[in-house]
Amino acid sequence: MATVPQNGILSDAARWHLRLARVPDIGPIRARKLVGHFGTAQAVFEASVSQLERVDGIGTKTANTLFRSRSDDGLEAEIAKAADAGVRIICSQDDEYPKALQHIPDPPTCLYIRGNIQPADAVAIGIVGTRRCSHYGHEQAVRFAELLARAGFTIVSGLARGVDADAHRGALRGVGRTLAVLGNGLGTIYPPEHGELAEEIETRGALLSELPIDEGPDPANFPGRNRIIAGLSLGVIVIEAGARSGALITARLATEYNREVFALPGGIDRPHQNAGSNALIRKGEAKLVTCLEDVLDELGRVGDIMRFSPEKADQQAGAATPAAAANLAPHEKAIFEAVSQGIEDIEDICNQCALPSSKVSSSLTLLQLRGLIRQLPGNRFVRR
């Protein structure tokens with residue numbers, strides 16, 4: 001578990017992860033390999049060049065760059081800018097870091113946050129689509145976001161114009177939580193006209209970015225932003241996506257991360273808005289949805305739990321019953337039994353049950369909703 005945040009901005013562990021994230025040519029995948037090899041981000045900077053070269057994917061040039069990065073003159077300035085902007089910085093060792101992101105192949109080395117992330121945000125649906133949506137697209141983005149929020153889901157999107165902004169507004173209208181993942185640093189809000197919306201999101205969720213505080217919006221940043229949206233979500237709904245829409249990148253990544261992909265059918269007379277989303281349905285790469293029940297049906301047991309009102313779901317999560325424990329799928333029962341035996345860590349549960357981390361993570365969420373287990377600090381789980 002990470003140490004106490006310094007001045008409320010970041011923990012000791014996050015400081016070392018931030019230093020690692022700032023090294024040129026060290027992206028999320030290499031950073032994860034390095035931390036996995038040496039145990040901590042701090043140990044990476046304590047290693048020699050020859051030790052760094054032994055890590056898969058780290059050649060001599062990158063090893064020398066890392067070694068020289070032990071001294072980062074801009075690190076403290078970056079932390080100070082975050083503090084001035086009311087932004088915190090977290091890493092995978094911090095309790096607030098979303099566990100869903102820990103199980104994708106390229107998790108953000110650090111996340112900048114305005115607002116807060118709660119355990120309930122693990123039950124999230126992403127909603128993405130075109131920036132130039134029609135009246136139909138606007139209506140459906142608000143409609144689905146509001147219905148899902150009222151059912152207890154957190155809505156994840158990208159704060160962009162069009163479908164993204166409507167999804168956030170629908171979640172807020174549904175008195176629910178919403179997370180906005182930005183393709184720029186949190187020092188500024190883009191687009192600028194969404195400043196007031198961003199403030200509302202911050203009070204009922206969080207603004208997130210993996211980018212430096214002063215990083216401006218750039219199309220090159222959007223695929224990375226989209227992978228975070230997909231990684232945070234149990235499933236992604238695509239509304240009005242053209243043939244080259246960035247929403248299709250989010251859908252593809254959701255599939256790679258074993259998330260559900262949904263798409264609303266759009267009019268064939270508007271190919272610039274609907275060609276991509278209709279193609280997802282035609283190719284069987286997304287489930288056609290027209291109502292909330294379609295989404296809940298595809299989410300299986302998690303969807304069954306969320307059919308309750310939020311109040312009933314909270315009551316069910318408060319106390320386990322024999323019936324709740326009995327009505328489990330075989331893999332869920334195996335995970336529950338592992339936790340009951342005192343196995344608390346996700347990786348240990350995966351090894352014990354011989355199951356992939358994506359299935360274990362989603363099943364742990366279900367077991368929490370059914371009131372059978374609870375989460376402890378440090379991303380550990382115990383039986384209720």
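Do we find that VAL142 is among the β-branched types (Val, Ile, Thr), without any contact (Cβ under 8 Å) to a residue 40 or more places away in the chain and over 29 Å from ARG374 (Cβ atoms) in this structure? Yes; evaluated as a whole, the condition is true for this residue. Applying the condition of being part of a loop (DSSP other than H, G, I, E, B) and crowded, with 23+ Cβ neighbours inside 10 Å to segment 163-185 and asking which residue is modelled with the lowest pLDDT yields GLY176. Looking for something assigned to a helix (DSSP H, G or I), over 29 Å from ILE189 (Cα atoms) and touching a His at 6+ places or on another chain (Cβ under 7 Å) - is there at least one such residue anywhere in segment 25-37? No: segment 25-37 contains no residue that is assigned to a helix (DSSP H, G or I), over 29 Å from ILE189 (Cα atoms) and touching a His at 6+ places or on another chain (Cβ under 7 Å). Any residue that is farther than 20 Å from VAL123 by Cα and either in a helix (DSSP H, G or I) or at pLDDT below 90 (or both) - is there at least one of those in segment 299-321? So far as segment 299-321 goes, yes, one or more of its residues are farther than 20 Å from VAL123 by Cα and either in a helix (DSSP H, G or I) or at pLDDT below 90 (or both).
Residues in segment 197-211 that are surrounded by 20 or more Cβ atoms within 10 Å (Cβ to Cβ) and of a type in the set (D, E, K, R): GLU210 only. Say we look at segment 131-161 and pick out the residues that are in a loop (DSSP other than H, G, I, E, B) and modelled with pLDDT of 95 or more; which of these is surrounded by the most Cβ atoms within 10 Å (Cβ to Cβ)? The selected residue is GLY158.
In the set PRO98, PRO105, only one residue is of a type outside the set (D, E, K, R), crowded, with 18+ Cβ neighbours inside 10 Å and either modelled with pLDDT of 95 or more or closer than 25 Å to ASN258 by Cβ (or both); that residue is PRO98. Scanning segment 240-270 for residues that are assigned to a loop (DSSP other than H, G, I, E, B) and of a type outside the set (D, E, K, R) gives ALA241, GLY242, ALA243, SER245, TYR257, ASN258, LEU264, PRO265, GLY266, GLY267, ILE268.
Is at least one residue of segment 23-46 on the phi > 0 side of the Ramachandran plot, small (Gly, Ala, Ser), buried (at least 18 other Cβ atoms within 10 Å of the Cβ) and in contact (Cβ under 8 Å) with a residue 40 or more places away in the chain? No - not one qualifying residue is present in segment 23-46. If you filter segment 343-366 down to residues that are touching a residue at least 12 places away in the same chain (Cβ under 8 Å) and assigned to a loop (DSSP other than H, G, I, E, B), you find that the one that is farthest from GLN93 (Cα to Cα) is LEU355. Assessment of segment 165-182 against the conditions (more than 28 Å from LEU264 (Cα to Cα) and touching a Phe, Trp or Tyr at 6+ places or on another chain (Cβ under 8 Å)) yields no matching residue.
The single residue among VAL87, VAL49 that is in contact (Cβ under 8 Å) with a residue 24 or more places away in the chain and hydrophobic (A, V, I, L, M, F, W, C) turns out to be VAL87. Just so you know, in segment 217-233 the residues that are assigned to a loop (DSSP other than H, G, I, E, B) and at pLDDT below 95 include one that is surrounded by the most Cβ atoms within 10 Å (Cβ to Cβ), and it is PRO217. Exactly one residue out of LEU355, LEU288 is under 20 Å from GLY231 (Cα atoms), aliphatic (A, V, I, L, M) and at pLDDT 85 or above: that is LEU355.
Mind checking whether some residue in segment 91-111 is in contact with a strand residue (DSSP E or B) (Cβ under 6 Å, 6 or more places away or on another chain), touching a residue at least 12 places away in the same chain (Cβ under 8 Å) and small (Gly, Ala, Ser)? Scanning segment 91-111, I find no residue that is in contact with a strand residue (DSSP E or B) (Cβ under 6 Å, 6 or more places away or on another chain), touching a residue at least 12 places away in the same chain (Cβ under 8 Å) and small (Gly, Ala, Ser), so the answer is no.
Would you confirm whether or not segment 59-71 contains a residue that is buried (at least 19 other Cβ atoms within 10 Å of the Cβ) and free of Cβ contacts under 8 Å to residues at least 40 places away in the same chain? There is at least one residue in segment 59-71 that is buried (at least 19 other Cβ atoms within 10 Å of the Cβ) and free of Cβ contacts under 8 Å to residues at least 40 places away in the same chain. Within the set LEU197, LEU147, LEU159, the sole residue that is more than 13 Å from the chain's Cα centre (by Cα) and closer than 19 Å to LEU296 by Cα turns out to be LEU147.
The values are calculated or read from the model by the stated rules, or taken from the named source; none is laboratory data. These figures come from a predicted structure and were not determined experimentally. Note that we place each Cβ from the backbone using ideal geometry, even for glycine, and neighbour counts take in every protein chain shown.
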